[in-house]
Amino acid sequence: MTEEVRVRYAPSPTGFPHVGNIRTALFNWLFARSCGGKFIVRIEDTDVARTVPGAVENILDSLKWLGIDWDEGPEVGGDYGPYFQSQRLDIYQAIAKDLVAKGYAYYCHCSSERLAEMRAAQEAAHLPPGYDRHCRDLGLGDAPGAVIRLKVPDSGTTTFHDLIRGDITFENRLLDDMVLLKSDGYPTYHLANVIDDHLMHITHVMRAEEWISSTPRHIMLYNALGFEPPKFAHMPMILGPDHSKLSKRHGSVSLTEYREQGYLPETMINFLSLLGWSYDDKTEIMTSEEIQQRFSIERINPTSAVFDKNKLDWMNGVYIRQLSEDELVDKVMPVLEKNLPESVKRPIDRDYVRKVMPLMHERLKTLQESALPETTWFFFTDDISYDAKLLPDKKLGPEGTLDMLKTVLPKLEALEDFTAEPLEALLRPLAAELGLKAGQVFAPIRTAVSGLTATPPLFGMMEVLGKDKCIRRIREAIKILENEL
RNA sequence: GGCGCAUUCGUCUAGCGGCCUAGGACGUGGCCCUCUCAAGGCCAAGAUCACGGGUUCGAAUCCCGUAUGCGCUACCA
């Protein structure tokens with residue numbers, strides 16, 4: 001029987017996770033689900049100073065929103081908890097002390113001042129920076145302010161196999177005696193991470209590429225501890241458009257921001273899964289279930305990927321179009337409630353939104369757009385305002401347009417069935433009678449009725465707006481044109 | 001500086017020695033559809049596979065070097 005796969009996502013609550021971080025969670029989860037393994041979430045809250053309030057909640061909410069469920073971890077518990085490192089301090093301390101007792105580690109009393117001086121001297125002498133092992137053989141005991149360091153061999157090499165990149169070798173002499181236990185009693189990432197991965201029976205460590213350089217240290221720790229190291233897979237990074245590490249200055253980076261901007265979770269799952277992984281040479285649109293089934297570490301690409309917002313927008317449009325009308329309305333209601341002008345009566349009329357959205361549906365790239373005053377507000381407000389210059393047809397000019405609207409108005413007023421088909425049946429022949437192209441008649445009406453030059457199809461839009469609003473707005477347009485002349 | 005990782009169209013990628021005069025997608029341009037905007041359909045431009053050496057009958061694919069980019073080099077993760 002092959003060993004059950006157990007992977008983990010181990011975020012530290014020092015901020016809201018950005019898309020690269022979430023992508024790491026996603027790949028771990030996909031791998032677990034692809035092979036019937038377990039996905040574990042562990043909170044690495046060992047940096048007390050940098051912990052951000054609300055970060056844990058945000059991390060968990062982000063996962064839930066994406067439909068990434070975990071088998072063990074916060075809220076659900078599990079056999080190997082607790083899943084917060086801050087609650088496991090006694091474990092790390094005991095193990096670190098044991099390492100000292102066995103001669104694999106030692107207490108170091110060096111002050112931060114001495115360390116700083118040492119670094120400065122090394123830099124001045126163009127020597128590789130690193131702890132000079134001052135306390136290594138002093139046989140020091142515990143003391144306030146002391147840390148525990150690992151005795152790293154000063155010769156030989158350490159090699160590990162990366163599932164994505166193959167064998168990677170480091171020279172031991174270039175590694176210094178890293179701190180395992182900090183003076184505040186908290187473990188460093190290295191110690192806690194290695195201990196917990198072992199105690200939680202993690203089989204595969206899939207983490208970001210930036211951890212490659214510390215992996216040999218982790219291997220040494222596993223060896224000192226007598227633990228068998230897991231398999232490693234270092235994932236490519238996600239870069240900004242300028243090819244530098246994704247950060248705030250590139251605009252939106254946290255998953256929460258994308259959520260707020262109206263991207264669908266299915267979009268984010270699909271898009272992020274394709275950043276560094278592919279199923280084949282053509283399949284792009286896949287459901288979460290399909291990806292879970294098809295995922296494999298072998299198909300992860302080692303190269304860093306630039307986050308392409310253009311493609312994200314396209315994909316979000318694809319998923320929005322796949323939504324049923326009712327699903328779309330459900331998603332869009334809260335956005336409208338929040339963003340429509342105050343003058344629009346609350347609560348927003350759901351039945352009316354249900355009529356508007358089919359017209360907007362295929363025109364949306366994000367949910368947020370549907371709430372932009374520029375594209376939908378005219379459906380909801382009583383009065384609209386727009387630049388009078390938009391009104392007249394170029395060839396007709398203000399006068400010609402005015403005449404046209406004056407001819408059209410009474411016919412619209414006389415129309416009893418104010419729905420798309422009768423409207424078209426009325427206006428299209430009318431344009432011909434007047435010797436005008438359809439667009440010359442439709443465009444000014446479009447603007448009169450919506451205040452915009454780009455809208456959903458005219459007749460459907462007029463039907464939804466209703467006869468009263470349309471007539472009123474066309475009259476208003478006539479006044480505007482008369483004032484202009 | 002040292003060490004490590006990476007290098008295929010602007011971007012995401014396919015490619016694991018011959019199927020590649022390099023395929024798909026986003027974006028871009030054009031055409032079609034059309035009342036505008038979208039959506040959709042079709043077509044096009046776009047990569048001498050970073051560069052230079054090898055290995056081989058044959059290399060985008062294997063090896064070496066160079067260049068470039070990125071990462072690490074904390075009592076941060």
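Summary of computed values
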read-out: Complete set of residues in the range A:380-396 that are surrounded by 13 or more Cβ atoms within 10 Å (Cβ to Cβ) and either more than 41 Å from the chain's Cα centre (by Cα) or at pLDDT 95 or above (or both); value: A:Ala388, A:Leu391, A:Pro392, A:Asp393, A:Leu396
read-out: Test set (1) near RNA strand B (Cβ under 8 Å from one of its atoms); (2) over 24 Å from A:Gly37 (Cα atoms) - A:Asn301 fails condition number; value: (2)
read-out: Filter pass, A:Asp184 being closer than 17 Å to A:Gln85 by Cα, assigned to a helix (DSSP H, G or I) and among the charged types (D, E, K, R); value: no
read-out: Cβ-Cβ under 7 Å pairs, at least 6 apart or on other chains, the range A:92-115 side surrounded by fewer than 16 Cβ atoms within 10 Å (Cβ to Cβ), far side at pLDDT below 95 and among the charged types (D, E, K, R); value: none
read-out: Hits in the range A:440-454 - residues which are modelled with pLDDT of 95 or more and among the hydroxyl-bearing types (Ser, Thr, Tyr); value: A:Thr447, A:Ser450
read-out: Qualifying residue in the range A:284-295 (condition: within 10 Å of RNA strand B (Cβ to nearest atom), surrounded by fewer than 18 Cβ atoms within 10 Å (Cβ to Cβ), part of a loop (DSSP other than H, G, I, E, B) and modelled with pLDDT of 95 or more); value: yes
read-out: A:Tyr279 being among the aromatic types (Phe, Trp, Tyr), surrounded by 13 or more Cβ atoms within 10 Å (Cβ to Cβ) and either within 13 Å of RNA strand B (Cβ to nearest atom) or in a loop (DSSP other than H, G, I, E, B) (or both); value: yes
read-out: Of residues in the range A:227-244 being in a strand (DSSP E or B) and within 16 Å of the chain's Cα centre (by Cα), the one modelled with the lowest pLDDT; value: A:Leu239
read-out: So A:Ala25, is it crowded, with 19+ Cβ neighbours inside 10 Å, small (Gly, Ala, Ser) and closer than 30 Å to A:Leu140 by Cβ; value: no
read-out: Answer from A:Gly73, A:Gly67, A:Gly54, A:Gly77 - the residue that is within 16 Å of RNA strand B (Cβ to nearest atom) and on the phi > 0 side of the Ramachandran plot; value: A:Gly73
read-out: Test set (1) outside any loop (DSSP other than H, G, I, E, B); (2) at pLDDT below 95 - A:Ile59 fails condition number; value: (2)
read-out: Qualifying residue in the range A:333-345 (condition: over 22 Å from A:Leu26 (Cβ atoms), among the basic types (Lys, Arg) and outside any helix (DSSP H, G or I)); value: yes
read-out: Residue within the range A:310-332 that is farther than 24 Å from A:Asp383 by Cα and part of a loop (DSSP other than H, G, I, E, B) present; value: yes
read-out: Filter result (near RNA strand B (Cβ under 7 Å from one of its atoms) and either surrounded by fewer than 12 Cβ atoms within 10 Å (Cβ to Cβ) or closer than 16 Å to A:Tyr106 by Cα (or both)) within the range A:130-166; value: A:Tyr131, A:Gly145, A:Val147, A:Gly166
read-out: Extreme residue, nearest to RNA strand B (Cβ to nearest atom), among residues of the range A:237-246 that are within 25 Å of A:Leu60 (Cβ to Cβ) and in contact (Cβ under 8 Å) with a residue 40 or more places away in the chain; value: A:Met237
read-out: Odd one out for A:Phe379 among (1) in contact (Cβ under 8 Å) with a residue 40 or more places away in the chain; (2) within 13 Å of RNA strand B (Cβ to nearest atom); (3) within 30 Å of A:Pro265 (Cα to Cα); value: (2)
read-out: Any hit, the range A:412-419, residues being part of a helix (DSSP H, G or I), out of contact with any strand residue (DSSP E or B) (no Cβ under 7 Å at 6 or more places or on another chain) and over 20 Å from A:Asp383 (Cα atoms); value: yes
read-out: Those residues of the range A:187-214 which are crowded, with 20+ Cβ neighbours inside 10 Å, among the β-branched types (Val, Ile, Thr) and part of a helix (DSSP H, G or I), in sequence order; value: A:Val194, A:Ile195
read-out: Some residue of the range A:95-114 being within 15 Å of RNA strand B (Cβ to nearest atom) and under 23 Å from A:Phe232 (Cα atoms); value: no
read-out: Top-ranked residue in the range A:318-335 [being closer than 20 Å to A:Glu463 by Cβ and surrounded by 15 or more Cβ atoms within 10 Å (Cβ to Cβ); ranked as farthest from the chain's Cα centre (by Cα)]; value: A:Val329
read-out: Any hit, the range A:75-91, residues being part of a strand (DSSP E or B), touching an Asp or Glu at 6+ places or on another chain (Cβ under 7 Å) and surrounded by fewer than 22 Cβ atoms within 10 Å (Cβ to Cβ); value: yes
read-out: Which numbered condition A:Gly36 misses (of (1) in a strand (DSSP E or B); (2) over 27 Å from A:Val179 (Cβ atoms)); value: (1)
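Rundown of residues vs (1) closer than 21 Å to A:Val353 by Cα; (2) in contact (Cβ under 8 Å) with a residue 24 or more places away in the chain; (3) not assigned by TED's automatic domain parsing to the domain that holds A:Met357, yes/no style:
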{"position": "A:Lys394", "(1), (2), (3)": "no, no, yes"}
{"position": "A:Pro410", "(1), (2), (3)": "no, no, yes"}
{"position": "A:Gln440", "(1), (2), (3)": "no, yes, yes"}
{"position": "A:Val449", "(1), (2), (3)": "yes, yes, yes"}
{"position": "A:Leu465", "(1), (2), (3)": "yes, yes, yes"}
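The values are calculated or read from the model by the stated rules, or taken from the named source; none is laboratory data. Keep in mind that what you see is a predicted model, and the values were worked out from it rather than measured. Cβ: placed from backbone, ideal geometry, glycine included. Neighbour counts: every protein chain shown.
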